[in-house]
1. So, in the stretch A:213-230, how many residues would count as being in contact (Cβ under 8 Å) with a residue 24 or more places away in the chain and surrounded by 16 or more Cβ atoms within 10 Å (Cβ to Cβ)?
2. So for the stretch A:371-384 (the condition being in a helix (DSSP H, G or I), out of contact with any Pro (no Cβ under 7 Å at 6 or more places or on another chain) and aromatic (F, W, Y)), does at least one residue qualify?
3. Looking at (1) assigned to a loop (DSSP other than H, G, I, E, B); (2) surrounded by fewer than 21 Cβ atoms within 10 Å (Cβ to Cβ), which is the only condition B:F366 fails?
4. Can you tell me which residues in the stretch A:12-38 are in a loop (DSSP other than H, G, I, E, B) and more than 34 Å from the chain's Cα centre (by Cα)?
5. Would you be able to tell me the number of residues in the stretch B:225-257 that are without any contact (Cβ under 8 Å) to a residue 40 or more places away in the chain and either within 20 Å of B:D431 (Cα to Cα) or assigned to a loop (DSSP other than H, G, I, E, B) (or both)?
6. How many residues are more than 14 Å from chain B (Cβ to nearest Cβ), closer than 26 Å to B:S467 by Cα and touching a residue at least 60 places away in the same chain (Cβ under 8 Å) when one looks only at the stretch A:270-318?
7. Looking only at residues that are loosely packed, with under 15 Cβ neighbours inside 10 Å and within 21 Å of A:S193 (Cβ to Cβ) in the stretch A:380-412, which one is farthest from the chain's Cα centre (by Cα)?
8. Considering each of A:I241, A:I220 in turn, give the residue that is assigned to a loop (DSSP other than H, G, I, E, B) and among the aliphatic types (A, V, I, L, M).
Amino acid sequence: MGLIQFLHKIEPDKKKSPFLHTLYDGFFTFAYAPNTVTKTGTHIKDGMDLKRTMFIVVIALQLCYLFGTYNIGHQHFVALGEHTSFLQGFHLKLVYGLIKLLPLFVVANVVGLGIEFVYAAKKGHPIEEGFLVSGALIPLIMPPDLPLWILAMSVAFAVILGKEAFGGTGMNIMNIALLSRVFIFFAYPTFISGDEVWISGIVKEGTEHFGAAYSMVYGIFDSVFGGLGWSTFGAGGQAVIDGYTGATPLGLAAAGGWPAVTEVYSPAQMWWGAIPGSIGEVPKLFIIIGALMLIGAKIASWRIMLSMILGAIVGGMFINLWGATPFMEVHWINHFYMGSFFFAMAFMATDPVTAARTQTGKWIYGFLIGLVGMVIRVLNPAYPEGWMLAILFMNVFAPLIDYYVLEANVARRMARAKTSSAVALKQAEPQLTVSEH
Amino acid sequence: MFFKKPLKSFVLRDKIANIAAVLPLIFLSSHLSAQPVFLASSAADMLPYTLILIVAFLILGAVYLISESFVRMEARDLGVDTKKNNFSILPNSEEVFGSSKSDGASTSGHKVIHLKKGFDIKLEGAAEYKVDENAAVTRFAMQPKNFIGMSPIPKVEVEVGDEVQAGDVLFFDKKNPDVKYCAPVSGEVIAVNRGEKRSIAELVILADKEMKYRAMPVFDLENASKEELVSYMKDNGAWAHIRQRPYNVVADSNETPKAIFVSTFDTAPMAPDLDIIIAGRGNEFQVGLDILNMLTPGKVHLGLNAKDEDPSPVFENATGVEKHWISGPHPAGNVGVQIHHIDPINAGERVWTVGVQDVATIGSLFLEGIYDAERVVAITGAELKEPQYVTTYLGANIGDLVANNLKNDHVRMISGDVLSGKAKKAEQFLDFFDDQVSVIEEGDEYEMFGWLAPQSARPSLSPTFLSNLVDTSYVANTNTHGERRALVVSDQYEQVLPMDIYPQHLVKSILVNDLERMEGLGIYELVEEDVALCEFVCTSKQPVQDILREGLTTMMDQE
């Protein structure tokens, strides 16, 4: 009890310092479930609330985080020809991945939450938990070497224009994490597409690639590792392996079809995720585990996921039939090994705020995402990935889909009213004719 | 023109399902033949052939749709029911997979309406199967606020200190002076309490030990006309027991209801078993049903519990009514849900609903010639030492009902069930239409990381609470378990409302005051108790019942 009383004493005044009050309130309700009781309406409430919902999603992402962090380091060292086995140099790869990931995570969350706190303070309501999930998703869809200022700008763009301008949590039309990525995609395209950005710590001089020099932070860890007798980072600047290509499987497929992909990466490698790519999108199994967790917790809609798979299959089949380029001839099953399909399916498309909100609408919405995404991936000359654009596109259409589902409901009700009044009229008719006489 | 009719009909979904079933076969076959293993030419040659195939398929599909429309038109001209019968070559989804809605397996010879959506909240503290005949309740009250639409200051006919008999007129609404509201017990009027803005909150009567009933004028049921019956009921307090939907107001005798509905089971948390409550009043109940039959040109529908292993003969053997067996989780017992599945309310229509004990009261008026407001009330809740049933009268004092039965003082006493009842203090009274008192713990304490790792089990729809894996009853408290947020999660309300309504979109249309949308999405079919479960499961803690009442008031004002 003493702790709570102390916390109440230091509570900033709501009117005099609204920003501090909102900040305080946000952290207080994080630590303590509030003691408000029901006033009108039901007297008991379900134990589930938005904080818990968001938190379960963040937990479902943790496997991707663990793997993604490690994979940043693994790809870096494999490109340099060192520690080529997956578990070799475990400590180095983990530390390297964390040093790359943590600044991204911190910057994305601080900028996003900071903006949300300012807006909540201005509007006078407690901060709403929408950004917990977006803040956890954004680092996973970025390339590991992204400059932090670009990340900060994109998060600010997404939160201010994509969310707060529409009214905050629950009111946004487009997926926030994807908006931040699409901002970088259009404003700073060289930082987020192409073959140079997906493996961390490789720099290009002329036409030669070299490992980047290791900064001071790595030096600190070197002293620890050296003391323990483990391998160290060293100074950096090594040459990359022969035949180095920073291309992701999709980049290879866009150039030369499936044979070009299997030359460099095996399907098993692509499945387990030991390939270059955005931080979190590569480990397919962990993403699927996360998706099953969300379905089991009844937080993500299985309808959207299933219909998206079906849409992608149908789209893939259509494209296979056409088969004009080597990329189009990649069998539709192989498309699931490459790129961020599963990540988009499990965490982006199922965002409840921006997806269709009726059950029928979800089937249509997911199916169209799968179809459009496959088309964009294969037929897009500039950029061989389609899910981000497809999901944002269908986000705009989701209210329209819902509108027509609701219209069907309204029409059903009107039709029922008409038959009912027709029956009533028929029953009333004999009396009318009798009275007329 | 004939293209428009089938497109608007609901059956289009089945047709698309049929066509969609054939689609993968076509694509698979074309794709298999496009394997580079078999053909030397590249897959690009397949494109014109595939296009021809698709066009041929579309033509076939068009022929199929047109021919089916012609058959339908013919059937309509001949008078055959086009909705129930399938006139196409291919089977529709219902014939292949079976219907998901009603008309499922029948038990013991009658058809059962199986409802899948909903959620049973198992709470500790359900009433034990014993009835206390000697409850020491001395004060009873009539509360004008129990009647929706009543003016806040009705015309009160008695004064403090008057002696009244059971059935004497207490007050009436100046807007509707024919309907009289009568005293449930005999005794002395000890208080006329006022609420805000001088509205009448309650008229309190201190009851006699022996009830004295006002002798009702003789009424000739055989030869009376419907108007005489209606005015007799209105004069003697029986009319107030009939409610009208939409809006759940007191029935308007100028309107003709298309049917009257009585639900004989209650599925709310800790709700009383109406079989026990009606025991001993079977004759009154039957007479009440007969009276109700005279009030409507349509039918009187009785909703019975298909899952009841030991049904009461009063309900099972009721005559003159159409019986429907319903099974499902809460809110299957709500009369609104039953109306939706038996004979839904459309715009402009009226139905009347009467509670089980209210039917018995109406029956007593004609069977015994007195206004008999006896009630069997279930006192329930985990905070009671002995939850049980008590025999008392309408409008009993809450404090008297739970006297000597509370485990502690820090409780919330509710007239009605925990989902749609009203909080009461000990000096307040049971509401007119309620037959249950729920007593639960107040949950006004902070819980560290309560949302992440709750310290006590709490009822929830979500599988993330591990206590849901085990079939337990919960001790619920009044904590909101979260703060009010914008609507984020979708599909939650739909999971617990077994009606063809989109409740989340209805709520949104009420919030933006879109009257046409509200009507189109079915606001007439709902009353607070139907969406109470939606409010319970809402992750964003929205006050759905209040929002619905706002919408209903808006629609009421339009008429």
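1. 3
2. Scanning the stretch A:371-384, I find no residue that is in a helix (DSSP H, G or I), out of contact with any Pro (no Cβ under 7 Å at 6 or more places or on another chain) and aromatic (F, W, Y), so the answer is no.
3. Only one criterion in (1) assigned to a loop (DSSP other than H, G, I, E, B); (2) surrounded by fewer than 21 Cβ atoms within 10 Å (Cβ to Cβ) is unmet by B:F366, namely (1).
4. Matches in the stretch A:12-38: A:P12, A:D13, A:K14, A:K15, A:K16, A:S17, A:T38.
5. Counting residues in the stretch B:225-257 that are without any contact (Cβ under 8 Å) to a residue 40 or more places away in the chain and either within 20 Å of B:D431 (Cα to Cα) or assigned to a loop (DSSP other than H, G, I, E, B) (or both) gives 2.
6. Residues in the stretch A:270-318 being more than 14 Å from chain B (Cβ to nearest Cβ), closer than 26 Å to B:S467 by Cα and touching a residue at least 60 places away in the same chain (Cβ under 8 Å): 3 in total.
7. Looking at the filtered set, the residue picked out is A:P381.
8. Of the residues listed, the single one that is assigned to a loop (DSSP other than H, G, I, E, B) and among the aliphatic types (A, V, I, L, M) is A:I241.
The values are calculated or read from the model by the stated rules, or taken from the named source; none is laboratory data. As the structure is a prediction and not an experimental result, all values here were calculated from the model. Methodologically, a virtual Cβ is constructed for each residue, glycine included, from the backbone with ideal geometry; neighbour enumeration extends over all protein chains shown.
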